[in-house]
1. Give the residues of the stretch 220-252 that are among the acidic types (Asp, Glu), more than 9 Å from the ligand (Cβ to nearest atom) and open to solvent by less than 20 Å² (accessible area, probe 1.4 Å), sorted by residue number.
2. From the list Arg420, Arg410, which one is open to solvent by 10 Å² or more (accessible area, probe 1.4 Å), under 30 Å from Arg496 (Cα atoms) and either within 28 Å of the chain's Cα centre (by Cα) or modelled with pLDDT of 95 or more (or both)?
3. Which residue out of Ile194, Ile174 is under 19 Å from His287 (Cα atoms) and aliphatic (A, V, I, L, M)?
4. Would you check which residues across the stretch 67-81 are more than 18 Å from the chain's Cα centre (by Cα) and either closer than 25 Å to Ala369 by Cα or part of a helix (DSSP H, G or I) (or both) and list them?
5. Evaluate the stretch 257-268: report whether one residue or more is in contact with a strand residue (DSSP E or B) (Cβ under 7 Å, 6 or more places away or on another chain), within 14 Å of the ligand (Cβ to nearest atom) and in a strand (DSSP E or B).
6. Please work out which one of (1) touching a Phe, Trp or Tyr at 6+ places or on another chain (Cβ under 9 Å); (2) among the β-branched types (Val, Ile, Thr); (3) open to solvent by 60 Å² or more (accessible area, probe 1.4 Å) is the condition Thr172 fails and give its number.
7. Working only within the stretch 359-382, note down all residues that are open to solvent by 40 Å² or more (accessible area, probe 1.4 Å) and touching a residue at least 24 places away in the same chain (Cβ under 8 Å).
8. So if I check each of Gly39, Gly63, Gly17, which one is out of contact with any Lys or Arg (no Cβ under 7 Å at 6 or more places or on another chain), part of a strand (DSSP E or B) and over 30 Å from Gly158 (Cα atoms)?
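The values are calculated or read from the model by the stated rules, or taken from the named source; none is laboratory data. Everything numeric in this text was worked out from a predicted model, so none of it was measured. So basically every Cβ, Gly included, is an ideal-geometry build from the backbone, and we count neighbours across all protein chains shown. Heavy atoms of the whole protein, side chains included, go into the accessibility calculation; ligands, DNA and RNA do not. Shrake-Rupley method; radii C 1.70, N 1.55, O 1.52, S 1.80 Å.
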Amino acid sequence: MPAQNMEELVSLCKRRGFIFQGSEIYGGLQGFYDYGPLGVELKNNIKAAWWRSNVYERDDMEGLDSSIIMHRMVLRHSGHEATFSDPMVDNRKTKKRYRLDHLVKEQKPAVQAAVAEAMGESLENFPALVAALVKRPADASAALISAGVRDSHSGETGDWTEPKPFNMMFKTTIGPTADEDSFGYLRPETAQGIFTNFKNVVDATSRRLPFGIAQIGKAFRNEITPRNFIFRVRELEQMEIEFFCTPGTDEDWHAHWLEKRLSWWEAQGVPRSKIEILDVPKEDLAHYSKRTYDLMYDYPTLGHEEIEGIANRSDYDLGSHTKAQAELGLVASVEENLDSVAKLTIPHPETNKPVVPFVIEPSAGVDRALLAVMSEAFTKETLENGSERIVLKLKPHLAPIKVAVIPLARNREEITALARQIKADLQRLGLGRVLYEDSGNIGKAYRRHDEVGTPFCVTVDFDTFGLGGEGKVSDPALLGTVTVRDRDTLAQERVRVDELSAWIRARLA
Ligand code: GAP
């Protein structure tokens, strides 16, 4: 059974070195997390699985790694300067700031209903209520006060200001200058790096429609209220595809990607039955979107929340960057731009005339993926002897450690030397991290590896050398064999050392 609540996961992540609070020794920085020794492995494995499936296993995809800090003009003409904001409201009494929709959602149902009534909206259509609060700030302030909306910190009713938009982009200065205009933005989505490199990739690869560009990388959002562990953070990582297609074929490609992405999640151990598909209501769509499906995973404690968005961005981005270049005088006119194929156009596959392609964008968060994968894998079992074990039943390709090699006696040279040799041989298979583990008692080592999801533990013992040990006579049949323990079944099998690599490869590759 998957994790029942977020606390269980948070506790495991900290205890076993998956995730730590950012800048923790100075009291922590809200919305920033560091991935520890096991977290970095799990994260890398998720990203590798995504890249394998979306780049290597397809013939219509190219990869990219674009820079994080971007020219301010990119984010102006993408529409982010004007619209990438969340509504913010302040409590004059406590001086605390809140994201308006989160604040209202956290209230008791009667208070939410009173806000809706004061605004003349229905609570059933929450996005429309939020839109009304944003559009009529003076009414919104009065409604929040009269409905008795409480401050989540103090628990008291608040004296609420008019909501105002808060732009979530991080700015940073560029170069040693005091000039106020010398700043860039940390990208709020990796997507813009793909759009700005569209022409470079087309020229370098001679791609024709339809094809996609995939990118994995960091994005930054100055969230008003980061929360729920790594679910809503200010520094996040995204796995994004911009799939370029001929206008008119976009809806079919949208359906294609929805199906593809659901099967990918299934292959990572996140079943379809735990994901609801939300056809995002018009009033809730991002500024660039013609239609978006949000995949809503049923997170422990949080309930259904977005793990991935699959948007039809139409020709919004390439179109507006093309127009911007004409306006800035970088090309003579929009017409020239569209006709010359000089900029962000590509030949139509049938007419050969330049066309601004439509874009389907599957965009998944790595941090949210990690949380979902861990949550599904988290299992508590009661063993036959009545004891309880926590085991992370991760798909083997995602497991941070593939095999732990354990010498049963740390002071016996032949045992430790063979264990080290086995570690080196298994590491050479290239399946991921293999750990030489001689940190203590074998029972504790098994428990630790169950909790971090290691599929196999290999133990080199006295029987491997026909030595018996602890007063036992060794069974000659065990000579040259090691014990392999299976994480999920707990079965222990003796495998010949000279057959071990093939045995492991057959089960993990
Ligand atoms: N390029 C499209 C885009 O960025 P989005 O729905 O804003 O769309 C895509 O983000 C994905 O990025 C989300 O589905 C989520 O998994 C992840 N994401 C967005 N904001 C996040 C945050 N503050 N913390 C963690 N993950 C986030």
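1. Asp250
2. Only one candidate passes the filter, namely Arg420.
3. Details: Ile174 fails: under 19 Å from His287 (Cα atoms).
So the residue among Ile194, Ile174 that is under 19 Å from His287 (Cα atoms) and aliphatic (A, V, I, L, M) is Ile194.
4. Of everything in the stretch 67-81, those that are more than 18 Å from the chain's Cα centre (by Cα) and either closer than 25 Å to Ala369 by Cα or part of a helix (DSSP H, G or I) (or both) turn out to be Ser67, Ile69, Arg72, Met73, Val74, Leu75, Arg76, His77, His80, Glu81.
5. no
6. Among (1) touching a Phe, Trp or Tyr at 6+ places or on another chain (Cβ under 9 Å); (2) among the β-branched types (Val, Ile, Thr); (3) open to solvent by 60 Å² or more (accessible area, probe 1.4 Å), Thr172 violates only (3).
7. Passing the criteria: Arg368, Lys380.
8. Sole residue among the options that is out of contact with any Lys or Arg (no Cβ under 7 Å at 6 or more places or on another chain), part of a strand (DSSP E or B) and over 30 Å from Gly158 (Cα atoms): Gly63.
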